[in-house]
1. Being crowded, with 21+ Cβ neighbours inside 10 Å, under 20 Å from residue 284 (Cα atoms), in the same structural domain as residue 83 (by TED's automatic domain parsing) and out of contact with any strand residue (DSSP E or B) (no Cβ under 8 Å at 6 or more places or on another chain) is true for just one of 120, 135, 113. Which residue is that?
2. Can you find, within region 26-39, the residue that is surrounded by the fewest Cβ atoms within 10 Å (Cβ to Cβ) among those that are within 17 Å of residue 305 (Cα to Cα) and out of contact with any helix residue (DSSP H, G or I) (no Cβ under 6 Å at 6 or more places or on another chain)?
3. Filter region 244-277 for residues that are closer than 29 Å to residue 182 by Cβ and within 17 Å of the chain's Cα centre (by Cα); which is surrounded by the fewest Cβ atoms within 10 Å (Cβ to Cβ)?
4. Go through 302, 314 for me and flag whichever is in the same structural domain as residue 106 (by TED's automatic domain parsing), free of Cβ contacts under 8 Å to residues at least 60 places away in the same chain and in contact with a strand residue (DSSP E or B) (Cβ under 8 Å, 6 or more places away or on another chain).
5. Inspect region 25-34 for any residue being assigned by TED's automatic domain parsing to the domain that holds residue 304, within 24 Å of residue 314 (Cα to Cα), at pLDDT 95 or above and in contact with a strand residue (DSSP E or B) (Cβ under 7 Å, 6 or more places away or on another chain) and give the result as yes or no.
6. Quick one: residue 64 ticks every box in (1) within 24 Å of residue 275 (Cβ to Cβ); (2) out of contact with any helix residue (DSSP H, G or I) (no Cβ under 8 Å at 6 or more places or on another chain); (3) not in a strand (DSSP E or B) bar one, so which box is it?
7. Confirm whether residue 232 is touching a residue at least 60 places away in the same chain (Cβ under 8 Å) and surrounded by 11 or more Cβ atoms within 10 Å (Cβ to Cβ).
8. Could you grab the pairs with beta carbons closer than 6 Å, sequence gap of 6+ or different chains, first residue in region 82-104 and free of Cβ contacts under 8 Å to residues at least 24 places away in the same chain, second one outside any loop (DSSP other than H, G, I, E, B) and surrounded by fewer than 24 Cβ atoms within 10 Å (Cβ to Cβ)?
């Protein structure tokens with residue numbers, strides 16, 4: 001028996017709509033999940049929304065359970081929290097996280113959902129996918145006790161990295177951003193804040209997440225000799241200019257990429273994707289992460305909200321989408 005659900009689609013660059021979709025009944029070892037919340041990761045989803053994914057990266061950028069194809073029509077989103085309504089007894093009634101697009105209900109393999117720990121509210125658990133990115137980046141970065149660290153770029157990913165580093169013993173951690181409003185976020189996360197001009201240098205490690213040429217160049221300037229920049233920004237189809245002359249070679253600086261699509265080589269032999277995501281959910285027991293949720297809208301309003309997020313008219317780190325009233329909202333697409 002099929003049942004109805006509603007999904008958000010990017011139908012063409014800069015335009016989205018909600019469409020009705022038919023769901024099959026769950027099979028053996030599958031679950032039917034009713035969404036409670038999802039999160040809009042502004043950087044990545046704005047890139048998808050404006051059609052900025054380069055053709056060479058269509059396969060790499062494809063999210064789990066995504067339907068359609070870039071540049072559109074394509075389903076969008078990958079941070080979903082819901083309740084298992086049908087499925088194996090061990091999961092029935094559990095609140096779970098899944099890397100699923102914005103949709104009211106969905107059927108996935110039971111192995112694709114991770115139970116949310118009892119101490120983590122469903123409303124905060126939408127951050128799990130981004131905190132997982134931070135965990136993977138820090139596995140790549142391998143900071144040491146007492147390191148001097150800057151996180152350049154106070155967006156959702158950068159703030160997640162800073163929040164995890166705030167727990168690191170003896171470290172000097174500074175969140176660096178051009179927006180002075182991020183100072184309050186840094187305080188809530190338990191780290192220092194600075195503008196790019198005032199940031200402390202002589203860093204052993206810089207994590208760059210501003211997705212700007214200027215941010216990456218400043219990250220190199222903040223390094224101590226033989227220091228490392230971990231590059232987390234995704235630039236899409238934009239070229240990047242980076243000054244690799246001057247003192248780049250004489251100071252033996254390093255720029256390394258980190259990407260959540262694979263488990264860091266530092267832990268790949270001993271940790272699975274599920275292990276990494278479960279760790280991210282455990283970290284979210286800390287209420288400090290609530291500072292990353294900067295707004296909330298109903299699912300039915302998402303076609304109007306995402307253009308405002310993509311343009312910057314609606315500033316956000318993670319914009320949370322709530323479900324419930326969407327189940328009776330009118331369908332706006334075919």
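1. 120
2. Restricting to residues being within 17 Å of residue 305 (Cα to Cα) and out of contact with any helix residue (DSSP H, G or I) (no Cβ under 6 Å at 6 or more places or on another chain), the top hit is 38.
3. Restricting to residues being closer than 29 Å to residue 182 by Cβ and within 17 Å of the chain's Cα centre (by Cα), the top hit is 261.
4. Being in the same structural domain as residue 106 (by TED's automatic domain parsing), free of Cβ contacts under 8 Å to residues at least 60 places away in the same chain and in contact with a strand residue (DSSP E or B) (Cβ under 8 Å, 6 or more places away or on another chain) holds for just one of 302, 314, which is 314.
5. Within region 25-34, the first condition is being assigned by TED's automatic domain parsing to the domain that holds residue 304, and the residues that meet it are 25-34.
With within 24 Å of residue 314 (Cα to Cα) added as a condition, the list becomes none.
Checked against the condition, which is being assigned by TED's automatic domain parsing to the domain that holds residue 304, within 24 Å of residue 314 (Cα to Cα), at pLDDT 95 or above and in contact with a strand residue (DSSP E or B) (Cβ under 7 Å, 6 or more places away or on another chain), region 25-34 yields no hits at all.
6. (2) is the only condition that residue 64 fails.
7. For residue 232, the condition - touching a residue at least 60 places away in the same chain (Cβ under 8 Å) and surrounded by 11 or more Cβ atoms within 10 Å (Cβ to Cβ) - is met.
8. Hits for this filter: 92/84; 94/84; 94/115.
The values are calculated or read from the model by the stated rules, or taken from the named source; none is laboratory data. The structure displayed is predicted, hence computed values, not measured ones. Backbone-built Cβ (ideal geometry, glycine too); neighbour counts: all protein chains shown.
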